[in-house]
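In what follows, a single structure is set out as structure tokens and then discussed.
The values are calculated or read from the model by the stated rules, or taken from the named source; none is laboratory data. Because the structure is a prediction, the values reported are computed rather than measured. Cβ sites come from the backbone with ideal geometry, for glycine too, and all protein chains shown count toward neighbours. Calculation scope for accessible area: heavy atoms of the full protein, side chains included, ligands and nucleic acids excluded. Shrake-Rupley method; radii C 1.70, N 1.55, O 1.52, S 1.80 Å.
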Amino acid sequence: MFLVKRDNFNKTYIIKGLITALFFSAFIYLAYFNIEYKILNTILGLVSLYLVLKIDRKSLFTSGFFIGIFWFYWVGNSFEYYGLNSISILAPLGFAFGYAILFLLIGVFEFTIYRAFILFILSFIHPLGFNWFIPELIFIDSYLETSKIAFVLILLALIIFIEMPKYIKLLAIIPLFFTYTNVGEYIDNPPNIQISMPQLNTPQDQKWVKDKIPYLIEKNLFLIDKAIEEKKDLIILPETVFPIVLNNEDLLLNELIQKSYYINIIAGALYKEENSFYNATYHIANGKVEIAKKVVLVPFGEEIPFPKVITDLINDIFYDGAEDYKKADTPTNFVIDGVKFRNAICYEATSDNIFQNLDDVKYMIALSNNAWFTPSTEPILQNLLLKYYAKKYNITIFHSVNGSKNNIIRP
């Protein structure tokens with residue numbers, strides 16, 4: 001009898017945690033299936049936070065575990081291309097247990113105010129530099145704002161609803177009222193530039209194959225020539241669209257320079273400076289080449305976020321002694337036909353660091369290679385995060401991607 005009761009108890013908190021995680025993750029999968037109803041996302045978001053503030057401690061641990069899976073199961077996909085299949089399986093479990101522990105912290109005390117405070121604090125905690133868990137993101141396609149202040153007000157509304165007597169619960173609508181977002185039509189103010197953003201879908205297992213590289217280069221040159229024929233002012237090609245150290249390829253670089261007298265070229269490729277390698281964006285225009293080096297590197301993908309001794313050991317064991325990419329200290333702005341664009345490469349486009357000191361910059365060019373992770377929900381989560389930062393910094397993002405859909409993301 002005792003064992004039966006214990007099993008039922010275990011099932012109960014697993015089910016509670018799973019249901020909470022499903023509500024907390026629903027916005028990603030609704031977007032994946034192109035189901036975009038603001039009222040639905042608003043309700044699901046509020047219910048998910050309500051459950052986090054109400055369910056028991058063990059259920060919170062379980063909900064954090066499933067949230068880690070539902071949000072980040074795709075993280076391990078990239079390790080397959082390094083021949084590290086064992087890590088590709090373990091990586092999602094690492095995220096699952098990591099967020100299980102973080103959510104367990106929410107349940108240390110039963111006080112609703114304490115739980116709300118810890119949940120808010122979690123929105124600032126980025127383990128090992130990975131910042132893609134932003135709790136307020138659940139409202140990105142809802143009737144509620146996604147700012148930190150709005151998140152505090154939403155949590156305050158839920159505290160009132162949970163803690164106050166029945167006749168006072170209606171007061172919860174007051175802080176919610178101040179989080180209501182303007183859903184009127186966005187007034188577009190695009191730059192006066194004719195832009196080409198061709199859609200590329202080169203599989204990751206072909207991208208760096210030596211025999212394939214000449215074909216990929218020719219394809220890129222064809223797309224540039226086509227954009228010139230269409231009288232475009234600018235062509236934007238994705239991250240590492242040239243899978244080479246471009247500044248070491250004099251013939252190709254000279255050919256691109258010749259084409260740049262007819263069109264601005266933005267393209268991703270590796271850049272070598274002395275003995276260091278950078279993930280970079282090349283801006284080639286009017287015979288000149290400008291380089292923007294990546295500022296924020298992908299944890300474990302481009303840099304190991306540990307002290308050098310441990311980093312070197314991991315690189316020796318798993319990456320055949322390869323060194324981490326180097327990074328720039330500050331972001332780069334490109335000036336294209338008189339218009340300023342902030343440069344961003346994939347992961348860094350979802351980091352506050354790349355949006356610092358924007359001044360009068362209203363546009364961003366973000367290059368990505370999502371072939372590392374597709375098919376998965378990673379491009380959807382990335383796109384939702386870009387919406388979040390576009391709103392936060394009032395900037396329009398031109399997102400050129402290999403492996404998933406290009407987007408122009410407006411505030």
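Checked against the criterion of being open to solvent by 20 Å² or more (accessible area, probe 1.4 Å) and closer than 18 Å to I291 by Cβ, the candidates E230, E218, E255 yield just one match: E255.
The residues in segment 11-50 that are in a helix (DSSP H, G or I), β-branched (V, I, T), over 13 Å from F139 (Cβ atoms) and open to solvent by less than 80 Å² (accessible area, probe 1.4 Å) can be counted, and the count is 4. Just one of (1) open to solvent by 50 Å² or more (accessible area, probe 1.4 Å); (2) touching a Phe, Trp or Tyr at 6+ places or on another chain (Cβ under 7 Å); (3) of a type in the set (A, V, I, L, M) fails for L93. It is (2). The strands (runs of 3 or more DSSP E) falling completely within segment 332-387 that include 3 or more residues that are closer than 13 Å to S400 by Cβ and at pLDDT 95 or above map to 339-345, 363-369.
Of all residues in segment 187-202, those satisfying the criterion of being aliphatic (A, V, I, L, M) and either under 12 Å from F242 (Cα atoms) or surrounded by 11 or more Cβ atoms within 10 Å (Cβ to Cβ) (or both) are I193, I195, M197, L200. Within segment 375-400, residues that are without any contact (Cβ under 8 Å) to a residue 40 or more places away in the chain reach partners that are open to solvent by 10 Å² or more (accessible area, probe 1.4 Å) and part of a loop (DSSP other than H, G, I, E, B) with beta carbons closer than 6 Å, at six or more positions or on different chains, in the pairs P379/S404; A390/P411; N394/P411.
Every test in (1) open to solvent by 10 Å² or more (accessible area, probe 1.4 Å); (2) assigned to a helix (DSSP H, G or I); (3) out of contact with any strand residue (DSSP E or B) (no Cβ under 7 Å at 6 or more places or on another chain) is passed by L53 save one, and that test is (1).
Just one of the listed residues (K54, K58, K38) is over 20 Å from L158 (Cα atoms) and among the basic types (K, R), namely K58. Contact map, segment 272-287: residues that are of a type in the set (K, R) paired with residues that are open to solvent by 70 Å² or more (accessible area, probe 1.4 Å), Cβ distance under 8 Å, separation 6+ or inter-chain. Pairs shown: K272/N248. Applying the criterion of being small (G, A, S) and open to solvent by less than 10 Å² (accessible area, probe 1.4 Å) to the residues of segment 118-149, the residue that is farthest from the chain's Cα centre (by Cα) is S142. Anything in segment 335-357 that is of a type in the set (V, I, T) and over 26 Å from F130 (Cβ atoms)? List them, or say none. Residues satisfying the conditions are V335, I336, V339. Checking each residue in segment 203-240 for being assigned to a helix (DSSP H, G or I), at pLDDT below 95 and of a type in the set (V, I, T) picks out no residue at all.
Would you check if there is a residue in segment 289-303 being farther than 30 Å from Y82 by Cα, touching a Ser or Thr at 6+ places or on another chain (Cβ under 9 Å) and not in a loop (DSSP other than H, G, I, E, B)?
Here is the first cut: in segment 289-303, the residues farther than 30 Å from Y82 by Cα are 289-290.
Then keep just the ones that are touching a Ser or Thr at 6+ places or on another chain (Cβ under 9 Å); that gives 289-290.
Subset that is not in a loop (DSSP other than H, G, I, E, B): 289-290.
Yes: segment 289-303 contains one or more residues that are farther than 30 Å from Y82 by Cα, touching a Ser or Thr at 6+ places or on another chain (Cβ under 9 Å) and not in a loop (DSSP other than H, G, I, E, B).
Mind checking whether some residue in segment 203-215 is closer than 29 Å to K340 by Cβ and surrounded by fewer than 19 Cβ atoms within 10 Å (Cβ to Cβ)? No - not one qualifying residue is present in segment 203-215. Determine whether Y82 is aromatic (F, W, Y), closer than 30 Å to K405 by Cβ and exposed (fewer than 14 other Cβ atoms within 10 Å of the Cβ). Taking the combined requirement at face value, the residue does not satisfy it.
Kindly evaluate F139 against the criterion of being among the aromatic types (F, W, Y) and more than 28 Å from Y282 (Cα to Cα). Yes. Quick one: in segment 347-400, of everything that is among the acidic types (D, E) and open to solvent by less than 10 Å² (accessible area, probe 1.4 Å), which residue is nearest to F139 (Cα to Cα)? Across segment 347-400, the extreme among qualifying residues is E378.
Can you name the residue in segment 166-179 that is open to solvent by 60 Å² or more (accessible area, probe 1.4 Å) and more than 28 Å from the chain's Cα centre (by Cα) and, of all such residues, is nearest to L49 (Cα to Cα)? Step through it out loud before you land on a result.
To start, the set of residues in segment 166-179 that are open to solvent by 60 Å² or more (accessible area, probe 1.4 Å) comprises 166-167, 170-171, 173-174, 177-178.
Going one step further and asking which of them are more than 28 Å from the chain's Cα centre (by Cα), we end up with 166-167, 170-171, 173-174, 177.
On the way: K166: 20, Y167: 22, L170: 18, L171: 18, I173: 15, I174: 17, F177: 17 Å.
Restricting to residues being open to solvent by 60 Å² or more (accessible area, probe 1.4 Å) and more than 28 Å from the chain's Cα centre (by Cα), the top hit is I173.
There is at least one residue in segment 79-95 that is assigned to a helix (DSSP H, G or I), modelled with pLDDT under 95, more than 26 Å from P203 (Cα to Cα) and within 19 Å of the chain's Cα centre (by Cα).
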